[in-house]
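Scroll down for the structure; my scribbles are underneath it.
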Amino acid sequence: MSLNIIVLAKQVPDTRNVGKDAMKEDGTINRAALPAIFNPEDLNALEQALKLKEMYPGSKVTVLTMGPARAAEIIREGMYRGADGGIVLSDRAFAGADTLATSYALSAAVRKIGDYDLIIGGRQAIDGDTAQVGPQIAEKLGLPQVTYAEDIIDVKDGKATIKRRIESGVETVKAPLPLVVTVNGSAAPCRPRNARNIQKYKYATVPSEAATDEKKKALAEKRPYLNIGEWTAAYVDADLQQCGLAGSPTKVKQIENVVFSAKDARRVENNDAEIETLIKELIANHTIG
Amino acid sequence: MANFYTDNEALKHYLNHPMMEKIVDLKERGFADADKYDYAPQDYADAQDSYDKVLEIVGEICGDIIAENAEEVDHTGPRVENNRVIYAEGTARNLDACRKAGLMGMSMPRRLGGLNFPITPYIMAADIVSRADAGFENLWGLQDCAETLYEFGDEEQKQKYIPRVCAGETMSMDLTEPDAGSDLQSVMLKATQKEDGSWVLNGVKRFITNGDSDIHLVLARSEEGTKDGRGLSMFVYDKRNGGVNVRRIENKMGIKGSPTCELTYKDAPAELVGSRKLGLIKYVMALMNGARLGIAAQSVGLSEAAYREALAYAKERTQFGKAIINFPAVAEILAVMKAKLYASRALLYACSRFVDIYKAYDDIAKERKLTIEEKKEAKEYSRLADAFTPLAKGMTSEFCNQNAYDAIQIHGGSGFMKDYACERIYRDARITSIYEGTTQLQVVAAIRHVTTGTYLNWIKAELTKECKAADQETKATLEWMAQQLEACTQSVMGIESSEYHDFMARRLVEIAGYTVMGLLLLDDTTRNDDFRQPMRVFVKLGQAEVAKHADFIANFRPEQIEEYLHN
């Protein structure tokens, strides 16, 4: 049995090493001051995919990311670690997307890829911390989802057995394929980049990068595996009204510094009454609304 | 999030050494693999970029994984269960990372699954690994044994074993026995040829680093009734066949993560490598030369770690109202540590470049006849490698011990406690001047090149090179040191007593060592101003050391040896 696995990854500013100039005066991120990195929990997700590829020879791991052409760097990073290839979903129409528009675009790309058994992503990205994109993609594609995964133990008879982190411990669940899994940072760290792969794939490019570099262009023509996909909104048949700023109901009103004071978790039962009480409480103390 | 390659500018300086272009061209046979292998370089710039990128991986693994595990590995160490070695958990994690990163068999050709790296970038990786954990370097660095198998094994053996090493299987070199340490001619492990022509091994080996490895190179007595080195052959033993057990592992002072084993061989099947009787006199000598370069790299890595620990502590520790680095007595220790570190690294990579060139020619000679010029060049570099290897092993291991000592001194009482890395570095460093031939044995190997003039000729050629105006004074000191080398050598050799020559040998080798290392730093300074300060401090030190030795020789009457020989 071999699996087709899509790994969802995001290139993010490295917010773990924030200096003084990390934020602009208007409160938005100064991307120039922060190095762009492979979102850490997406690396945990990639490791799960690569582990499955080892367990089930013939499996294929494709890294999918949305971003500008330079996000091809994290596709290459994925290939250095063992992914077979990847796609950058890149179009001006995607700019300014919130989680809803992002998950719409990514789910359109996943549909375009078509043949998949598992879609694995990190729990959340360190620049937004929403943890919404993975679950939204599952909803849009009508797929089951397992969140907070720590270990995809195996895949047998069309079902994945997954250990997931919950508030008070771990639980092991089974879910049918095709399936969306989001992986927690407590999962195994990603394997290192491989010396042979880095030499093999260092000239891998998306077409817009190759266009400005004759040497890379010539190599990419000779060696098909050096071509990273660069897909537009039109190519994935996306409805422009649901993309980017147009498709994003989230509007940033203002940004302020908050001191996060951690408190103990509280348990809310899964019924409408309890959730309504919680929502009212959150509106009253201005956490939301 | 540390990277032990990118945070160390000196490594990139040596990676970009002008001689590298020739080395890479020879190793890559004019880039003949470019279209044969998808990971082969297209040209020199591409190859350099690949070395740089792979070393960055090494640096990341070392900074994030191996260095992080070092303390735990030092505390737990390996153990023996049912005659097998079980590594400390951290060691297993380190090995797993190195395997997944494809950092095994780095210098092996691509057709056998290797990366086809020259020795120089491979030794850089060893330097980086040693800084993270010198004990782990032993396990990882034993991939070097594949080099010997590649040089002397037959094609079938190469095809059988080397791809396995490249895929991550470990190796060991089983040489030492209870009664054969420095004196390997006394090896007794018995190799018996059966009627079908195959060989079995019986006996005991001791002090075998990573003795439970997957693939062993074994020195054994194949010629019954012989007693000297000419009765010894080299064998390869495959753990998959069974027959070798680990009786115990040593409880050591340092490099505790690296299992040092006592092995028993009971009818262990083995294959002969190369020709009978050449085991010690040819193959082990080659193996040891590679291993000595490895220990020099280990010494440099340890020196680097010691210097960094000391520097960080001296900046942070405040006494009498200021950081202790601001006291001249402390600052001087740090400056001298840095100078010894830089000089050690200069010598290490000079040596690795010489090895690279002659080994590449040796390998090319298997494919085609070398031209007369190539032969001449190969011979010259082989001689230089032969001269520089014991010098590098001897000088860098002694310096790394001195730096480890000084790192503790900078830490004061805290350094004597188990709380700081400097105490582990101190214990780990101690073995470097002992194994793969003690410093005293390196002197025995190096002294020939003092008396035959290999060092002096190289020194004289270096002195004809131009240097920057700012460095003329330093160069003049180095000229004086070279004159002392020549004069002291003549003076010592003028006395006809081999006992007296042996007695003075280390002094002469050290004079040569300080002069060679000073000149290498002078050359580095012509391309990189960052080397000027450590060069000047080193040459000041060298000048004083040379004067001390010259003074001792001048004021010593041969008959005074008697005072030293009756203890």
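Quick look at the values:
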read-out	value
Residue that is surrounded by the most Cβ atoms within 10 Å (Cβ to Cβ) [pool: residues in the range A:220-260 that are in a loop (DSSP other than H, G, I, E, B) and hydroxyl-bearing (S, T, Y)]	A:S248
Failed item, numbered, when B:L103 is tested on (1) buried (at least 21 other Cβ atoms within 10 Å of the Cβ); (2) among the aliphatic types (A, V, I, L, M); (3) more than 10 Å from chain A (Cβ to nearest Cβ); (4) not in a helix (DSSP H, G or I)	(3)
Candidates B:A40, B:A47, B:A67, filtered to the one that is touching a residue at least 24 places away in the same chain (Cβ under 8 Å), at negative phi and outside any loop (DSSP other than H, G, I, E, B)	B:A67
Some residue of the range A:32-47 being over 16 Å from the mean Cα position of the chain (by Cα) and without any contact (Cβ under 8 Å) to a residue 12 or more places away in the chain	yes
Residue under evaluation B:Y87, criteria (1) within 20 Å of the chain's Cα centre (by Cα); (2) aromatic (F, W, Y); (3) farther than 19 Å from B:V355 by Cα, criterion not met	(1)
Residue match in the range B:87-94 (condition: among the β-branched types (V, I, T), without any contact (Cβ under 8 Å) to a residue 40 or more places away in the chain and in a helix (DSSP H, G or I))	no
Subset of the range B:1-20 (residues that are closer than 17 Å to B:D530 by Cα, outside any loop (DSSP other than H, G, I, E, B) and of a type outside the set (K, R))	B:E9, B:A10, B:L11, B:H13, B:Y14, B:L15
Selection status of A:K163, part of a helix (DSSP H, G or I), away from every other protein chain (no Cβ under 14 Å) and surrounded by fewer than 19 Cβ atoms within 10 Å (Cβ to Cβ)	no
Selection count, the range A:71-94, where residues are touching a strand residue (DSSP E or B) at 6+ places or on another chain (Cβ under 8 Å), small (G, A, S) and under 14 Å from A:A108 (Cβ atoms)	1
Selected residue [modelled with pLDDT under 95, under 17 Å from the mean Cα position of the chain (by Cα) and under 19 Å from A:G121 (Cβ atoms)] from A:V12, A:V63, A:V7	A:V12
The range A:155-173, residues that are basic (K, R) and touching a residue at least 12 places away in the same chain (Cβ under 8 Å)	A:K159, A:K163, A:R164, A:R165
Close pairs (8 angstrom Cβ cut-off, 6 or more residues apart or separate chains): assigned by TED's automatic domain parsing to the domain that holds B:D419 and within 17 Å of B:F538 (Cα to Cα) in the range B:313-342, hydroxyl-bearing (S, T, Y) and buried (at least 18 other Cβ atoms within 10 Å of the Cβ) anywhere	B:L334/B:Y307; B:M337/B:S303; B:M337/B:Y307; B:K338/B:Y307; B:K340/B:S303; B:L341/B:S303; B:L341/B:Y307
Qualifying position, being buried (at least 16 other Cβ atoms within 10 Å of the Cβ) and over 14 Å from A:I120 (Cα atoms), among A:K140, A:K156	A:K140
Any hit, the range A:216-235, residues being at pLDDT 95 or above, closer than 22 Å to A:Q136 by Cα and touching a strand residue (DSSP E or B) at 6+ places or on another chain (Cβ under 7 Å)	yes
Every residue from the range B:395-449 that is at pLDDT below 95 and buried (at least 19 other Cβ atoms within 10 Å of the Cβ)	B:Y435, B:E436, B:G437
Set A:E73, A:E77: member being within 14 Å of chain B (Cβ to nearest Cβ), in contact with a Lys or Arg (Cβ under 9 Å, 6 or more places away or on another chain) and either touching a residue at least 60 places away in the same chain (Cβ under 8 Å) or not hydroxyl-bearing (S, T, Y) (or both)	A:E77
B:P78 being touching a Phe, Trp or Tyr at 6+ places or on another chain (Cβ under 7 Å), within 12 Å of chain A (Cβ to nearest Cβ) and surrounded by 20 or more Cβ atoms within 10 Å (Cβ to Cβ)	no
Cβ pairs under 6 Å, 6+ apart, first in the range A:263-285 and touching a residue at least 40 places away in the same chain (Cβ under 8 Å), second surrounded by 10 or more Cβ atoms within 10 Å (Cβ to Cβ)	none
Options B:A92, B:A132, B:A125; residue that is away from every other protein chain (no Cβ under 13 Å), at negative phi, buried (at least 24 other Cβ atoms within 10 Å of the Cβ) and of a type in the set (A, V, I, L, M)	B:A132
Top-ranked residue of the range B:51-75 - restricted to ones that are of a type in the set (G, A, S) and surrounded by 22 or more Cβ atoms within 10 Å (Cβ to Cβ), ranked as nearest to the other protein chains (Cβ to nearest Cβ)	B:G59
Residue count for the range B:254-270, restricted to those that are surrounded by 18 or more Cβ atoms within 10 Å (Cβ to Cβ) and in contact with a strand residue (DSSP E or B) (Cβ under 9 Å, 6 or more places away or on another chain)	10
Members of the range A:183-213 that are polar (S, T, N, Q), within 14 Å of chain B (Cβ to nearest Cβ) and in contact (Cβ under 8 Å) with a residue 40 or more places away in the chain	A:N194, A:N197
Matching option when the condition is in contact (Cβ under 8 Å) with a residue 12 or more places away in the chain and buried (at least 19 other Cβ atoms within 10 Å of the Cβ), among A:K53, A:K60	A:K53
Filter pass, B:G153 being at positive phi, surrounded by 14 or more Cβ atoms within 10 Å (Cβ to Cβ) and at pLDDT 95 or above	no
Looking only at the range A:1-21, and only at residues there that are among the charged types (D, E, K, R) and part of a loop (DSSP other than H, G, I, E, B), the one that is nearest to A:A36 (Cα to Cα)	A:D14
Residues that are under 25 Å from the mean Cα position of the chain (by Cα), among the polar types (S, T, N, Q) and either over 16 Å from B:R247 (Cα atoms) or part of a strand (DSSP E or B) (or both), drawn from the range B:172-230	B:S172, B:S182, B:Q185, B:S186, B:T209
Of all residues making up the range B:524-548, the number that are under 21 Å from B:G453 (Cα atoms) and touching a Cys at 6+ places or on another chain (Cβ under 9 Å)	1
Candidates B:T464, B:T474 - the one that is in the same structural domain as B:Y514 (by TED's automatic domain parsing), more than 17 Å from B:V509 (Cβ to Cβ) and crowded, with 20+ Cβ neighbours inside 10 Å	B:T474
Condition broken by B:R110, with the remaining ones in (1) within 14 Å of chain A (Cβ to nearest Cβ); (2) more than 23 Å from the chain's Cα centre (by Cα); (3) over 27 Å from B:K239 (Cβ atoms) satisfied	(3)
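The values are calculated or read from the model by the stated rules, or taken from the named source; none is laboratory data. Please read all numbers here as calculations on a predicted model, not as lab measurements. Backbone-built Cβ (ideal geometry, glycine too); neighbour counts: all protein chains shown.
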